[in-house]
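This report refers to the structure that appears directly beneath it.
The values are calculated or read from the model by the stated rules, or taken from the named source; none is laboratory data. Because the structure is a prediction, the values reported are computed rather than measured. FYI the Cβ positions are ideal-geometry reconstructions off the backbone, even for glycines, and counts take in every protein chain you see. Accessible surface areas use protein heavy atoms only, side chains included; no ligands, DNA or RNA. Shrake-Rupley method; radii C 1.70, N 1.55, O 1.52, S 1.80 Å.
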Amino acid sequence: MAPETLIWLIPLPPLLAFFLIVLFTNKSKALSHTIGVGAAALSWLGSMVIFFQAIGVDHFGEKIFKSSINWLPTGTDFLKIGVQIDPLGAVTLFFVAWTIFMIFLYSVGYQNFGQPKGDHDRPGLPPHGATVTDEHGHKHTVLSVEPMYSRFFAFLALFAFGMYVLVVSDNLLTLFVGWEIMGLCSYLLIGFWYGKPSARNAAVKAFMTTRVGDVFMLLGLALLYSATGTLNYRAIFYNEEVLHSLATTMTPVLGLSAAGLIGLLLFIGTIGKSAQWPLHVWLPDAMEGPTPVSAMIHAATMVSAGVYMVIRIFPLVTADWTGHGLTTAMSVIAFIGAFTAIFAATIALAQNDIKRVLAYSTISQLGFMIAALGMGAYIAAAFHLVTHAFFKALLFLGSGSVIHGMEHGVLHTGNHKVDPQDMWNMGGLKNKMPITFWTFLIGGLALSGFPLVTAGFWSKDEILADAFAHEHWTILATLSIAALMTAFYTMRQITLTFLGQPRTKEAEHAHETPWTMTTPLVVLSVFAVGFGWVGIPEHFPGLGGLIPNWFHDFVGGTLIKHPKPVEFSWIPLTISLVVALGGLTLGWLVYKDVKAGDADPLEKPLGFLYPFLKNKWYFDEFYSYFVIKPMTWISEVFTKGMDQGVIDGILHFFARAALFIGHVFRNYFDKPVINELIGDKLGAYWTFQPAGRALSKTQTGRIQTYLIGAVAVFVAIGAALYLFAF
Amino acid sequence: MIPLSWYLYLSAVLFAIGLYGVLARKNAIAILLGIELMLNAANINLVAFWRYGDPALMAGQVFAIIVFAVAAAEVAVGLSLVISIYRSRKTVVADELDLMKW
């Protein structure tokens, strides 16, 4: 099969799976998950074939796979849509296919397939456990299967479809379509347990917040289309003439060039999707979804889409960049990224929910990538995107596994007051859940950037090296501190969860999870280590040059001008070694002796900062006070003043006037003239009453009878006109 | 190329189905569905005539888009009416909504 045909086919299996599950196999759990996992496997297979074909082509950036068809007729021309895989698309496809396939497999175990039906589980609420009697007559409470199991796979499949559409598309319009499909699925999955008010609110919050970004993104798309007449990547981003004309056209907004303005508008879409400050508020709440799975979607795939888009539009954003200093658009992007990186990292320091720590860490890591793009480090950002997707997927799935194990403990003791997600209730899980522990450790080390072995080290080091080489000192300092905090809170999490002694009975009875959940962990941990080796800088002491810097050469081909690798320097390397190892050691030292019931050791030294961080810098309160309250107030003003006062007032005036006129006619015309004169005196009463009675039969009060009358009259008039007028 | 008349037949059939739905179905939502079918039948006509007439003139396409917008607004209003009727009368069967009958 030609690669182009195969690329068209990649997104289809999940879409078919969605419809099959929704329409036909809803009742059968086994059939539904077979279809779902099978579809994910098919797409994965197609993606792998494409990926390996792509890396086999020399100078792939110039000879990419692409194919397009006419889609929307616009006058005499057509808006074309199509698929394309270029070097950036190929690596994105690689990690997307792997992570999506792994989520599907993992979901089978996480949603307790094969477990009995719950005692009083209801659709819309998480499973509460089932009582079973074993052969000795003892009663046990075990995990019960998710009541809406099939529905979950249907949503996941639709989600996978959206992500694949986004990756294989060759223009920003179909990218936007995939983007919005994922927005919808994210709403559906966050609100999957719609019986919980918190989940409902989180779903609405996520949808509304990302919508703010999407409106601006749509504006950017419209502006780009009106400026260039196309939305195709190749026609804009691989075309120096178009880029040059966009860079030299000035706009009245803030002295930005057209390229910068469009780039920034599109970037606001990313702020929403990738949860950058100030639209980051939805992502932590999105943890309300079924534990690891929707969480991992919000970590490894969907939020990556935002960064992927900025990497795509990178030539546009940097069109008027001379290579020295930063343009306005780039400084804005770099500022947002760097600020988000450090801001989210500080919040992650003080969170107790195992998933929330990871959620803030995701925001922070996405900030790293955005900052890298803002300062022009194209390859470094793409590299960190891929490695982060792998190790963050691993961490989220690992945390889901931990929660699953803890739920086992909670059901064993029957004490439902213990929150299975609170890290202070854990401890000592290392021996209970060895596979989860070792894989989580690998993921955590990769996130902290543990030197030499983990993928996270190579990609994060490259960002720091780039900041150093181009002398962006503020960004370098900010990101280094953020990296230090990352290592610290990761170690805090690992120590609190897995090391030491169990702090609750529930943690003592935690249990390793089934193979469907541990297999994805093992697979992803291979990538969390191994993927770093494809991007080792050439001049790295000792290791550089042993394996060619394949990632740089390959992905660099996406741009017209291949970016040059930065000079090697010991300073950024030392920084990244110090922050990673220092943060990890500190985290271990501070948290290794925490006993049950202890307060967080950070609480005292941080003083008033601790509640500030724990409450996420009071951003939710800030928004509810300065955005939601004024909105409610304005709508109240409009309801009371405008709608009920002015508009209803006018209508009431008309009603009163009509009533008054009616009164006049009734008293001075109807009563004396019609009733008395014509009716009584002339005796018409005797004819009108039976006629009225007969006619009132036609007033059935049924809208459809009237409609039939209307249609009949219409047909009659039409026939009359046809016969006599033409 | 498919002849123009085929599109017109399709549109006529669709319109007739929609009309039948509006007149014969009792469920208010089904009636709304019927209205949608009729609107889209009109759209097929508009687009077909545009395509077979002068494609450089965008009128047919633009009209179809206006019809979309109107249809969307109509569904929003219609469905919210249905919901509020359901709340107060616990039914969406058109025949049972006979408050206006005297």
Expected integer from the mean partner chain Cβ neighbour count at 10 Å over B:48-60 is 1
Based on the Cα gyration tensor of segment A:553-701, what are the three equivalent ellipsoid semi-axes, each the root of five times an eigenvalue, rounded to whole Å and given largest first?
86, 28, 18
Could you order peptides A:458-464, A:372-378, A:113-119, A:437-443 by the average number of other Cβ atoms within 10 Å of their residues, highest first?
A:458-464, A:372-378, A:437-443, A:113-119
Residue A:471/residue A:223 FRET efficiency (R0 25 Å; Cβ-Cβ; nearest 0.05):
0.15
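Dividing the convex hull volume of the Cα atoms of segment A:449-577 by its residue count, what figure in Å³ per residue is obtained?
Expressed per residue, the convex hull around the Cα atoms of segment A:449-577 is 144 Å³.
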What are the ³J(HN,Hα) values, in whole Hz, obtained from phi via the Karplus relation 6.51 cos²θ - 1.76 cosθ + 1.60 with θ = phi - 60°, for each residue of segment A:124-135 in sequence order, with x given for Gly and Pro?
x, 10, x, x, 9, x, 10, 9, 10, 10, 8, 5
For residue A:65, list long-range residues whose amide hydrogen, built 1.01 Å from N in the peptide plane, is under 5 Å from its own amide hydrogen.
A:85
Compute the separation of the alpha-carbon centres of segment B:32-70 and segment A:176-250 and state it in Å as a whole number.
28
Using mean Cβ contacts within 10 Å as the protection proxy, how do A:59-71, A:144-156, A:126-138 order, highest first?
A:144-156, A:59-71, A:126-138
Simple spin-label estimate for residue A:719 and residue A:593 in nanometres, 7 Å along Cα-Cβ
10.0
Would you please give the residues with an amide H less than 5 Å from that of residue A:500, counting only those at least 5 places away or on a separate chain, with H modeled from the backbone geometry?
A:428
Could you give the length gained by full extension between residue A:422 and residue A:234, i.e. 0.36 nm per residue of separation minus their alpha carbon distance, to one decimal place?
62.9 nm
Working out 0.36 nm times the residue gap between residue A:31 and residue A:522, then minus their Cα-Cα distance, what length gain in nm do you get to one decimal?
174.2 nm
A 28 angstrom limit on the alpha carbon distance is what I want to check against. Which of A:273/A:629; A:196/A:417; A:273/A:604; A:392/A:432; A:66/A:564; A:432/A:614 exceed it?
A:273/A:604; A:432/A:614
Under 18 Å from a label point 7 Å along Cα→Cβ of residue B:57: give me every residue in segment A:65-79 with its amide N that close.
A:74-77
What is the P(r) of chain A, as percent of Cα-Cα pairs per 10 Å bin from 0?
3, 13, 22, 22, 15, 9, 6, 5, 4, 2, 1, 0, 0
Taking θ as phi - 60°, what are the ³J(HN,Hα) couplings along segment A:394-401 by the Karplus curve (6.51, -1.76, 1.60), each to the nearest whole Hz, with x for Gly and Pro?
4, 5, 5, 5, x, 5, x, 5
Semi-axes in Å, largest first, for segment B:4-90 (Cα gyration tensor, √(5λ)) are 30, 16, 4
Residue-averaged beta-carbon neighbours from other chains (10 angstrom radius) around A:702-709
4
³J(HN,Hα) computed for each position of segment A:507-518 - Karplus, 6.51 cos²θ - 1.76 cosθ + 1.60, integer Hz, glycine/proline x:
5, 5, 9, 5, 9, 5, 8, x, 4, 5, 8, 7
What list of whole percents do you get for P(r) of segment A:89-196, with Cα-Cα distances grouped in 5 Å bins up to the one holding the largest distance?
2, 12, 17, 18, 15, 11, 9, 7, 4, 3, 2, 1, 0
Residue-span extension gain [residue A:244 to residue A:134] - 0.36 nm each, minus C-alpha spacing:
32.2 nm
What nm distance separates the two modelled labels at residue A:546 and residue A:501, each placed 7 Å from Cα along Cα→Cβ?
4.3
Taking K and R as +1 and D and E as -1, what net charge do the other residues with C-beta under 13 Å from the C-beta of residue A:247 add up to?
-3
If we sort A:581-594, A:667-680, A:417-430 on the protection proxy, mean other Cβ atoms within 10 Å, highest first, what's the order?
A:417-430, A:581-594, A:667-680
Between residue A:633 and residue A:674, what's the calculated FRET efficiency when r is the beta-carbon distance and R0 is 45 Å? Round to 0.05.
0.25
Put +1 on the Cβ of each Lys and Arg and -1 on the Cβ of each Asp and Glu in segment A:458-611; which of A:546, A:468, A:522 then has its Cα farthest toward the positive end of the dipole?
A:522
Please list the radius of gyration and Dmax for segment A:145-298, considering alpha-carbon atoms only, with Å as the unit.
17.9, 60
Take residue A:4 and residue A:352, extend 7 Å from each Cα along the Cα→Cβ direction, and tell me the distance between the two endpoints in nm.
5.9
Could you tell me how many cubic angstrom of Cα convex hull volume segment A:485-550 has per residue?
137
A correct Stokes-Einstein calculation for segment A:237-329, using the alpha-carbon Kirkwood radius, 20 °C and 1.002 mPa s, returns a whole-number D in µm² s⁻¹ of 146
Could you check how much of the accessible area of segment B:4-90 is carbon and sulfur, as a whole percent, using a 1.4 Å probe?
77
List every residue whose amide H lies under 5 Å from the amide H of residue B:27, counting only residues 5 or more places away in sequence or on a different chain, with H placed 1.01 Å from N in the peptide plane.
B:94
Once the Cβ-Cβ distance between residue A:650 and residue B:77 is put in as r, and R0 is 35 Å, what FRET efficiency do you end up with, to the nearest 0.05?
0.95
Residues of B:18-25, mean number of Cβ from any other protein chain within 10 Å of their own Cβ, rounded to a whole number?
2
